[in-house]
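Heads up: the structure comes next, in structure tokens.
The values are calculated or read from the model by the stated rules, or taken from the named source; none is laboratory data. Just so it is clear, the structure is predicted and the values come from calculations on it, not from any experiment. Cβ: placed from backbone, ideal geometry, glycine included. Neighbour counts: every protein chain shown.
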Amino acid sequence: MITRDIEAFTSVFQQTATDFGPATARAAFLIAPDGFQLAEQSAQDNTYMAAATAFDAQRASQQHRNLHRALSQVVPTICFAGRENTPDALFPNNVFGTAAGRYIVGRMRHEVRQREAERTDIKNFFAQVLGYEEAQLSTQAHPCELTGSLVIDRARGVGYCGLSERCDEEGARLMHQAFGLRATLMFDLAPSEYHTNVILAVLAGRAVVACPEGFANPQVAESIAALYAPHAVLCNAAEHAAFVGNCIAVSDSVVWMSATASGALQPKHRNTLEQAGFQVASVELDAIEAAGGSLRCCVGEIF
């Protein structure tokens, strides 16, 4: 089922078991921020991006290396080299995603990011090393920026897809099929937002972090939060701006977010995550956040 009807989705959710697959990834992949600089095309609809003068390539590279080192202590984590003509490639989860036995290649809105889908080394890694089949979406016309636009509860096999210029309804349908989901809820993002994963995170199928102001209808965020209550965090404006919603659980016991996000996280919300069984861990990523994304954006998951 793919729908905009929150009541219909809620009914299906309440009847869906947590038996779809592992709640967290078995490995992760990154792409180094080589050629890190302002991507002017991406800046057209990413209001989180800083001015070109704020980009510090050396600091971003060091912070990205620290992220790699930190995640590798939790799950096997590999890092592909970046390329000078793809400055946004350090956010690979928008272009490459995985499900059981297959990898998905997304359709990016901007040409500067469409180049990333041509990476034969990454596709060969999935196809030849892991033996995954390809689900190719990058050659069709509808934008569908994978787990940037689509937040997935992997335990239940349900998705939350925010529609914007980065993903339309047909793109949502194509991703729903490619990931093999049981149900997907579609909703409009607020005009200032570009990706769902900046304002929503489902953590190991048992907790949720949502930023209501990032939804065109904030009640949708509240309805999603109710599905995971009492393990639900509804961010205030300061947490929203600090990328608290751009967090990820790559294991059952740790939630990762940037140091900026961790510093903004309210004590009561940290307690909510702890009550759900999560320790909050963080990495300094302020240089990378100048590019309009934070920790979750950097992490590609391998299921």
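Of note:
- Unmet criterion (only one of (1) under 14 Å from the mean Cα position of the chain (by Cα); (2) surrounded by fewer than 20 Cβ atoms within 10 Å (Cβ to Cβ); (3) of a type in the set (Gly, Ala, Ser)) for residue 241: (1)
- Residue match in region 115-132 (condition: over 23 Å from residue 161 (Cβ atoms), at pLDDT 95 or above and among the aromatic types (Phe, Trp, Tyr)): yes
- Residues in region 70-120 that are of a type outside the set (Lys, Arg) and either assigned to a loop (DSSP other than H, G, I, E, B) or touching a Cys at 6+ places or on another chain (Cβ under 7 Å) (or both): 22 in all.
- Single residue of region 196-222 satisfying the filter (of a type in the set (S, T, N, Q) and not in a loop (DSSP other than H, G, I, E, B)) that is nearest to residue 15 (Cα to Cα): 219
- For region 245-272, a residue qualifies if it is assigned to a helix (DSSP H, G or I) and either buried (at least 24 other Cβ atoms within 10 Å of the Cβ) or in contact (Cβ under 8 Å) with a residue 12 or more places away in the chain (or both), and the qualifying residues are 259, 260, 261, 262, 263, 264, 269, 272.
- Scan of region 63-101 for residues that are touching a residue at least 60 places away in the same chain (Cβ under 8 Å) and either surrounded by fewer than 17 Cβ atoms within 10 Å (Cβ to Cβ) or within 20 Å of residue 21 (Cβ to Cβ) (or both), ordered by number: 66, 70, 74, 75, 93, 96, 97, 98, 99, 100
- If only residues of region 273-286 that are surrounded by fewer than 21 Cβ atoms within 10 Å (Cβ to Cβ) and not aliphatic (A, V, I, L, M) are counted, the one that is farthest from residue 22 (Cα to Cα) is 286.
- Screening residue 35 against (1) part of a loop (DSSP other than H, G, I, E, B); (2) modelled with pLDDT of 90 or more leaves a single unmet condition, (2).
- Any hit, region 282-294, residues being assigned to a loop (DSSP other than H, G, I, E, B), at pLDDT below 95 and of a type outside the set (A, V, I, L, M, F, W, C): yes
- Looking only at region 147-158, and only at residues there that are closer than 25 Å to residue 11 by Cα and crowded, with 23+ Cβ neighbours inside 10 Å, the one that is nearest to the chain's Cα centre (by Cα): 147
- Test for residue 193: is it charged (D, E, K, R) and either at pLDDT below 95 or not in a loop (DSSP other than H, G, I, E, B) (or both): no
- Long-range neighbours under 9 Å by Cβ, at least six apart or interchain, first residue in contact (Cβ under 8 Å) with a residue 24 or more places away in the chain within region 221-237, second among the basic types (Lys, Arg) and assigned to a loop (DSSP other than H, G, I, E, B): 228/206; 231/206
- Scanning region 164-194 for residues that are acidic (Asp, Glu), over 18 Å from residue 140 (Cβ atoms) and surrounded by fewer than 22 Cβ atoms within 10 Å (Cβ to Cβ) yields a single hit, 188.
- Apart from one condition, residue 225 fits all of (1) assigned to a helix (DSSP H, G or I); (2) touching a helix residue (DSSP H, G or I) at 6+ places or on another chain (Cβ under 6 Å); the exception is (2).
- If the condition is being hydrophobic (A, V, I, L, M, F, W, C), within 28 Å of residue 103 (Cα to Cα) and in contact with a strand residue (DSSP E or B) (Cβ under 7 Å, 6 or more places away or on another chain), then region 5-31 contributes 9, 12, 13, 25, 27, 28, 29, 30, 31.
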